[in-house]
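The values are calculated or read from the model by the stated rules, or taken from the named source; none is laboratory data. The structure displayed is predicted, hence computed values, not measured ones. Ideal geometry is used to build each Cβ from the backbone, glycine not excepted, and the neighbour counts take in all protein chains shown. Note: accessible area is taken over every heavy atom of the protein model, side chains too, but ligands, DNA and RNA are not part of it. Shrake-Rupley method; radii C 1.70, N 1.55, O 1.52, S 1.80 Å.
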Amino acid sequence: MRSYSDQKSDPAPVHVPVLLKQVIKYLLTDPGGLYVDATADGGGHSQAVLLELKQKGKLICCDRDVDALEYCKNRLKGFKEKVDFAKVNFKNLGSHLESQKINDVSGFLFDLGMSTLQLEDPERGFSYLKDGSLDMRMDLSQKKKAYDVVNFYPLEKLAEIFREYGELKRAKLLARIIVESRNKAKINTTRDLKEVLQPKLDPRNKSKALSKCFQAIRIEVNDELDELKEGINQAMEFLRPGGRLCVISYHSLEDRLVKSTFNFYSKGCICPPDFPQCVCGGKKVLKVLTKKPLVPDKEEKKENPRSRSAKLRVCEKLNFSK
Ligand SMILES: C[S@@+](CC[C@H](N)C(=O)[O-])C[C@H]1O[C@@H](n2cnc3c(N)ncnc32)[C@H](O)[C@@H]1O
């Protein structure tokens, strides 16, 4: 295992927690409650939550990145028994909580995407701005890397990823130049990939298009959208009535998914309006507290440019038993 301090840039880059005040305001309804930070990473939000907890208040810090979790553990060691750590991905959140006999969580936080620590480490391969291996795994024990997607996925599948996860117009063309290039020699590094893609990107919009290509591959490698959907579903199961779920997303695919999942749970009955009575048995499970997502103000965007695209949505579980 590498630690963040092993990174070439020294000192290790700091991840500034996004929309921190808003998260604390919405998430913490009971200072003696049990909270889960599903994306603890460097522990920015976690630390602020822990500082607010009183009496029996407790926080479980989860992340699928062991390096991040080690860093977080070290940062939060002063909070002793108030905090626990677990290497858990969203899909396994429920089974982890069950194994700990936990079923009444006061609040979950999901702060999606990558952290500065991951992005700035060239060896992780997340950024086209740094030359590194084509990796992009958040969970370093996972087999599939960006290298496998780029070098072995069929053309149609690559095009679909660029179209669906990158929302790129020239998806097929981009997939084709990757396939042509890898037929001559494998694409090994982030720089290789950038050089293959660049000539086919709109010159007026090159950086944006490149980051969309990288985003698309990253979403595929980490199965990010299925993970998110499953994570929200599992959090809903384990929230106590009155407990809250806060999700910060960073691009439209994530935000759309959060919005539609919240809407689904807040709707209750899904019978057609002309049915004389409800036959679906659907019950409202939550109340949406943010009709419009909360976004960083000008000052935060200026101080922390990575917060620019952040959107926070919050919901509250209603008093409805499973
Ligand atoms: C933006 S960072 C969180 C930063 C943190 N809130 C802070 O203030 O320091 C996102 C973190 O979520 C983790 N992550 C993303 N998707 C995940 C998933 N499906 N399961 C578990 N962790 C995930 C990443 O590994 C990363 O460490």
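Kindly state which helices (runs of 4 or more DSSP H) lie completely within segment 145-229 and contain at least 3 residues that are out of contact with any helix residue (DSSP H, G or I) (no Cβ under 9 Å at 6 or more places or on another chain) and under 27 Å from residue 123 (Cβ atoms).
Per the criteria, 206-222.
Kindly establish whether residue 115 is small (Gly, Ala, Ser) and within 12 Å of the ligand (Cβ to nearest atom).
yes
Name the one entry in 139, 131, 63 that is within 12 Å of the ligand (Cβ to nearest atom) and over 28 Å from residue 22 (Cβ atoms).
Values: 131 fails: within 12 Å of the ligand (Cβ to nearest atom); 63 fails: over 28 Å from residue 22 (Cβ atoms).
From the options 139, 131, 63, the qualifying one is 139.
Looking only at segment 133-150, which residues are farther than 20 Å from residue 201 by Cβ and either open to solvent by less than 30 Å² (accessible area, probe 1.4 Å) or not assigned by TED's automatic domain parsing to the domain that holds residue 182 (or both)?
135, 137, 138, 139
Is it fair to say residue 306 is without any contact (Cβ under 8 Å) to a residue 24 or more places away in the chain, open to solvent by 50 Å² or more (accessible area, probe 1.4 Å) and under 26 Å from residue 89 (Cα atoms)?
No: the conditions fail for residue 306.
Suppose we filter segment 230-261 for residues that are over 21 Å from residue 99 (Cα atoms) and part of a helix (DSSP H, G or I); how many remain?
10
Pairs only if they're at least six apart or on different chains, beta carbon under 8 angstrom, first in segment 55-67 and free of Cβ contacts under 8 Å to residues at least 12 places away in the same chain, second within 9 Å of the ligand (Cβ to nearest atom) and aromatic (Phe, Trp, Tyr); list them, first residue then second.
none
Residue-by-condition table, conditions (1) over 17 Å from the mean Cα position of the chain (by Cα); (2) closer than 18 Å to residue 246 by Cα; (3) part of a helix (DSSP H, G or I):
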| residue | (1), (2), (3) |
| --- | --- |
| 93 | no, yes, yes |
| 98 | yes, no, yes |
| 113 | no, yes, no |
| 123 | yes, no, yes |
| 127 | no, no, no |
| 139 | no, no, no |
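Do you know which of the residues in segment 66-104 that are within 15 Å of the ligand (Cβ to nearest atom) and of a type in the set (Lys, Arg) is farthest from residue 224 (Cα to Cα)?
Step by step, filter segment 66-104, then rank; the result is 75.
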